[in-house]
Amino acid sequence: MIQAQLSVCRELRRSALAFSVLLLTAGFLPAADLTSGTAAGKPVTFAKDIAPILQEKCQECHRTGSMAPMSLVTYEETRPWAKAIRQRVIARQMPPWHIDPTVGVQKFKNDMSLTDEQIKTVVQWVDAGAPLGDRKDMPSPKQWPADNDWKATRELGPPDIVVKSEPYTMAAHHQDVWWRPVSNIPLTEPRWVRAVEIRPGTLAGRKITHHAVAYLAQDDPQSILPGTDADNRGRAMLMEWAIGKGYDLYRPDTGKLILPGAQVSWDVHIHAVGEEIRDNVEIGLWLYPKGQEPKYRTYLTAFQAIKGRDRARLVDIAPNSISESQNFTVLRQPAILENFQPHMHLRGKAMSVEAILPDGSSQVVSYVGKFNFNWMTNYIYADDAAPVFPKGTIIKVTAWYDNTKANANNPDPDQWVGFGDRTVDEMGHAWMNVTYISDEDYNAWAATHKNRLTATR
Ligand code: HEC
């Protein structure tokens with residue numbers, strides 16, 4: 001029976017038309033059973049089976065001095081959390097990778113999720129009483145880079161340039177603040193950027209920094225998005241960062257140009273958390289080697305889910321209700337979508353990005369069904385999986401909001417919620433780096449990717 005339901009469900013998933021049905025019912029469909037069956041067929045122990053998983057998928061954040069609330073390095077540290085771990089991994093809330101693995105793009109550069117097999121192993125271990133096993137089976141402790149707070153370091157080495165904002169002191173109790181200092185970028189010649197990462201200057205700063213946008217202020221009309229309907233308020237952007245986000249790494253031969261004299265114009269959203277905290281934000285820039293000029297520019301774009309323009313966006317969420325908003329953006333040139341980062345506030349529940357092609361067919365690009373405000377995770381598509389669309393494709397973004405008490409992040413389900421910058425107001429857009437290509441390049445790509453063009457429809 002369950003098997004039959006699963007295969008029906010798979011059929012549904014193949015059909016983009018049925019996608020909205022899927023979304024409505026997603027919460028009720030039988031998930032793959034992660035709680036039974038033996039993963040390895042023999043007793044699961046911490047030393048042999050669990051420690052390697054924690055090293056690979058958890059300790060980047062769960063170790064002393066890193067961002068998570070507890071360390072999951074030794075058995076003694078991990079044991080008290082066994083039940084919580086079981087619950088978080090089954091719900092796929094931890095690691096914080098909340099994209100639906102069954103629809104849309106499925107290969108990512110920064111995938112940190114657990115495999116079904118790993119989840120089963122963890123569950124089995126907890127259900128068996130979370131035994132240590134034989135200490136001799138423990139893997140040797142994982143070595144972490146000294147400067148690990150730049151997440152991209154592991155892949156790219158340390159950043160070439162770090163630009164810091166002026167610090168800001170947030171009082172213990174205060175309204176939200178938007179801090180907008182300007183910092184110089186120390187460059188004396190034009191250079192191309194291949195990766196960017198923003199972070200608060202200190203761990204304490206992470207508590208108060210909801211998001212930070214680094215606009216690129218320089219005299220270069222080409223660094224601004226070529227005429228789309230998307231909302232960047234006419235400014236070039238280096239990066240947007242929000243709680244939990246990693247870095248942006250552009251595909252080979254793609255980048256952003258920074259000219260001498262350029263500045264970072266910051267827009268940092270800070271909120272009070274009950275203690276006074278002083279911190280700055282900073283952006284790390286990884287450059288292409290001198291003289292190397294990538295062929296394409298990439299533009300960070302906010303594809304809106306909410307109708308209206310600029311400040312006058314039409315989101316209207318009644319108390320104790322679930323609601324939906326949807327908007328459309330036409331691609332004026334053929335384009336590659338490089339990543340997906342859903343952005344909503346406390347009532348955010350889910351977001352989908354679909355593409356409606358000029359021939360009328362449509363594809364699901366990505367769907368995050370378990371959006372959690374604490375995690376603005378950036379899903380970076382693998383180079384060979386990033387979707388490529390012809391001119392005239394419509395990007396359709398749908399956002400769902402949960403203003404009921406079922407939403408653990410909801411501060412007050414009895415409030416009416418409208419559009420705004422405060423975390424208690426709402427927004428809804430998909431941040432995507434868009435690389436525009438020529439018609440010739442698109443045609444060449446389409447000729448060699450006939451399977452890709454039909455496979456995901
Ligand atoms: C990208 C960083 C990151 C990764 C990777 C990560 N965590 Fe977490 N984890 C956090 C942070 C930050 C919190 C606290 C905020 C929250 O609950 O979302 C947390 C919370 C938790 C909690 C809840 C703690 C509580 O107070 O109840 C559990 C359990 C947990 N993580 C387990 C895991 C496990 C197991 C893994 C690996 C399979 C993992 N996490 C991977 C950052 C991370």
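The values are calculated or read from the model by the stated rules, or taken from the named source; none is laboratory data. Since the model is a prediction, treat every value here as computed from it, not as a measurement. A quick note on method: Cβ atoms are made from the backbone with ideal geometry, for glycine too, and the neighbour counts reach across all protein chains shown.
Here are some notes:
- One residue stands out among those in the range 252-273 that are out of contact with any Lys or Arg (no Cβ under 9 Å at 6 or more places or on another chain) and over 25 Å from T188 (Cβ atoms): the one that is surrounded by the most Cβ atoms within 10 Å (Cβ to Cβ), which is I270.
- Unmet criterion (only one of (1) part of a helix (DSSP H, G or I); (2) away from the ligand (no atom under 11 Å from the Cβ); (3) exposed (fewer than 13 other Cβ atoms within 10 Å of the Cβ); (4) at pLDDT 95 or above) for P80: (2)
- Scanning the range 352-363 for residues that are of a type outside the set (S, T, N, Q) and either surrounded by fewer than 24 Cβ atoms within 10 Å (Cβ to Cβ) or modelled with pLDDT under 95 (or both) yields E354, A355, I356, L357, P358, D359, G360.
- Restricting the range 341-383 to residues that are farther than 12 Å from G104 by Cβ, of a type in the set (V, I, T) and within 16 Å of the ligand (Cβ to nearest atom), the residue that is nearest to the chain's Cα centre (by Cα): T377
- The range 45-60 - residue that is part of a loop (DSSP other than H, G, I, E, B) and closer than 17 Å to A82 by Cα and, of those, farthest from the ligand (Cβ to nearest atom): T45
- For K164, the test of being within 16 Å of the ligand (Cβ to nearest atom) and either buried (at least 17 other Cβ atoms within 10 Å of the Cβ) or touching a residue at least 60 places away in the same chain (Cβ under 8 Å) (or both) is failed.
- Residues of the range 289-307 that turn out to be touching a residue at least 12 places away in the same chain (Cβ under 8 Å) and over 20 Å from L216 (Cβ atoms), as a count: 4
- The residue list R191, R154, R180 contains one member that is under 22 Å from the mean Cα position of the chain (by Cα) and of a type outside the set (G, A, S), which is R154.
- When we screen V123, V73 for residues that are more than 10 Å from the ligand (Cβ to nearest atom), under 30 Å from E275 (Cα atoms) and not assigned by TED's automatic domain parsing to the domain that holds N339, the only hit is V73.
- Residue identified as surrounded by fewer than 12 Cβ atoms within 10 Å (Cβ to Cβ), in contact with an Asp or Glu (Cβ under 8 Å, 6 or more places away or on another chain) and touching a residue at least 12 places away in the same chain (Cβ under 8 Å) among A172, A204: A172
- Residue within the range 59-73 that is under 18 Å from D149 (Cβ atoms) and among the basic types (K, R) present: yes
- Residue in the range 131-145 that is within 11 Å of the ligand (Cβ to nearest atom) and among the charged types (D, E, K, R) present: no
- For the range 122-155, filtered to residues that are assigned to a loop (DSSP other than H, G, I, E, B) and of a type in the set (A, V, I, L, M), the residue that is surrounded by the fewest Cβ atoms within 10 Å (Cβ to Cβ) is A146.
- Selected residue (criterion: farthest from M138 (Cα to Cα)) from residues of the range 83-100 that are assigned to a helix (DSSP H, G or I) and more than 8 Å from the ligand (Cβ to nearest atom): I90
- Residues of the range 339-349 that turn out to be buried (at least 23 other Cβ atoms within 10 Å of the Cβ) and touching a Lys or Arg at 6+ places or on another chain (Cβ under 9 Å), as a count: 3
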